[in-house]
Every structure is written in structure tokens, then in C-alpha cells.
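Please read the structure below before turning to the comments.
The values are calculated or read from the model by the stated rules, or taken from the named source; none is laboratory data. No experiment lies behind these values; they were computed from the predicted model shown. As a convention, Cβ positions derive from the backbone with ideal geometry for all residues, glycine included, and neighbour counts pool all protein chains shown.
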Amino acid sequence: MGNENLFAVTLIASDRPGIVAGVSKVFYENNFNIEDSSSKLLQGFFSAIFIVNCKDGRSVDDVKQLFVKLESDMGIEVYVQTMNESVPMQEGEHYVISVYGADKSGIVNSIAEYLSEKKINIMDLQTKVAGSDASPIYIMVLEVIIENDADVKGWEEDLKNISRDLGTDVNIRHIETYEF
């Protein structure tokens, strides 16, 4: 990669207009290229991660310093770390797993631990509590990838059993993937 630097810049702030404009302006004015990004509104807080590339040979502290004024002006917390280099995408079969049921502790952990034991990689995780205060329903949606050479025989039935033990329902769906 020559003298290029790849950084992960993450932030969280109370949601309001102008956050993305402010962050992207810092990147633009300082010759950063946004390579990849994702953002989400979580309980009134805007969270985002940007993978950015800079050819100017900057350090983590240099990049962090670029955001001092924006942090102060908008009440944003910005974190910066270097990325050694891009990691190649895993190849394999993609699935969407939906888990839903009465809200209680341990749902995410039970499913995630099982997937980890089977070496099934979680690519995306989203959770939400829906329903009413009197009857909250926990919803978890995961996108996972099973590498082509992985031995995961029986994993779908295992997940159904874990879900039953948790008192939740599970839906597992194989998906075709396309590059964005």
C-alpha cells in the first residue's frame, strides 16, 4: 500500500442533523478517502464507523486531532485506530438468522457462543426490543457466513434447540449475496 494509511474512525453522539456533514467535511478537507462506512441510530444515539484511507502518512494522534473542534462543537466522541490492511472477504454460504421472543437476558450470548464454537462468523447483528412495556418482544437478526470448508453438520437443528431452550423462535434462511 505504499505510504497510504488506513484508519477506522468511529463515533457516537446524540442524534441531530449535521453529524455526517461535519465528519465528512473533516475527511474531505484533509485528503481522506472514505473506503467503507456504516451508521445506525440506536436509542437516539447516532453511531458510525468509517474506514478511511489517507496518503499523507498521518498517525492516529494526527487524525484524532483533526476532530477536536467537531467533538467540542457537536458533542461527538471520536475514536481512531489504524487498520493494518484490508482483510479479504470470507467465502462461503450466507444465512440470515432471525430470533424473536419474550425479552430476557442471554439471548444474544447463547446464540453467539454457539456460532463461535462452530466457527460460524457473524457478519452483521441487529437487535431491538419491540412490543409494549407490559409485553416486550426481543428481536435479533444476524447475517452469518459459513466458510466453504467448515464442518458444521447439524447446526440449523442445534440452533432450533437452543432457541427452544431460550423460549424463543428462530428462522434460518439461506441467502444469495451480491457485492455492493
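Restricting the first member to segment 147-161 and to residues that are of a type in the set (Gly, Ala, Ser), and the second to residues that are part of a loop (DSSP other than H, G, I, E, B) and surrounded by 10 or more Cβ atoms within 10 Å (Cβ to Cβ), the beta-carbon pairs closer than 8 Å and six or more apart or on different chains are 150/118; 150/119; 150/120. Scanning segment 104-133 for residues that are closer than 17 Å to residue 164 by Cβ and part of a loop (DSSP other than H, G, I, E, B) yields a total of 2.
Determine which member of the set 98, 24, 38 is part of a helix (DSSP H, G or I) and either polar (S, T, N, Q) or touching a Gly at 6+ places or on another chain (Cβ under 8 Å) (or both).
Numbers: 98 fails: part of a helix (DSSP H, G or I); 38 fails: part of a helix (DSSP H, G or I).
From the options 98, 24, 38, the qualifying one is 24.
Of everything in segment 51-89 that is assigned to a helix (DSSP H, G or I) and among the basic types (Lys, Arg), the residue that is nearest to the chain's Cα centre (by Cα) is 64. For segment 87-105, indicate whether the set of residues that are at pLDDT below 95, exposed (fewer than 10 other Cβ atoms within 10 Å of the Cβ) and under 23 Å from residue 49 (Cβ atoms) is non-empty. Looking through segment 87-105, at least one residue is at pLDDT below 95, exposed (fewer than 10 other Cβ atoms within 10 Å of the Cβ) and under 23 Å from residue 49 (Cβ atoms).
Going through segment 34-76 one residue at a time, which ones are in contact with a helix residue (DSSP H, G or I) (Cβ under 8 Å, 6 or more places away or on another chain) and either free of Cβ contacts under 8 Å to residues at least 24 places away in the same chain or surrounded by 12 or more Cβ atoms within 10 Å (Cβ to Cβ) (or both)? Show your work before the answer.
First pass over segment 34-76, keeping only residues in contact with a helix residue (DSSP H, G or I) (Cβ under 8 Å, 6 or more places away or on another chain): 34, 39, 46, 48, 50, 52, 54, 66-67, 70, 73-74, 76.
34, 39, 46, 48, 50, 52, 54, 66, 67, 70, 74, 76 - these are the residues of segment 34-76 that are in contact with a helix residue (DSSP H, G or I) (Cβ under 8 Å, 6 or more places away or on another chain) and either free of Cβ contacts under 8 Å to residues at least 24 places away in the same chain or surrounded by 12 or more Cβ atoms within 10 Å (Cβ to Cβ) (or both).
When residue 48 is tested against (1) closer than 24 Å to residue 141 by Cα; (2) assigned to a loop (DSSP other than H, G, I, E, B), only condition (2) is not met.
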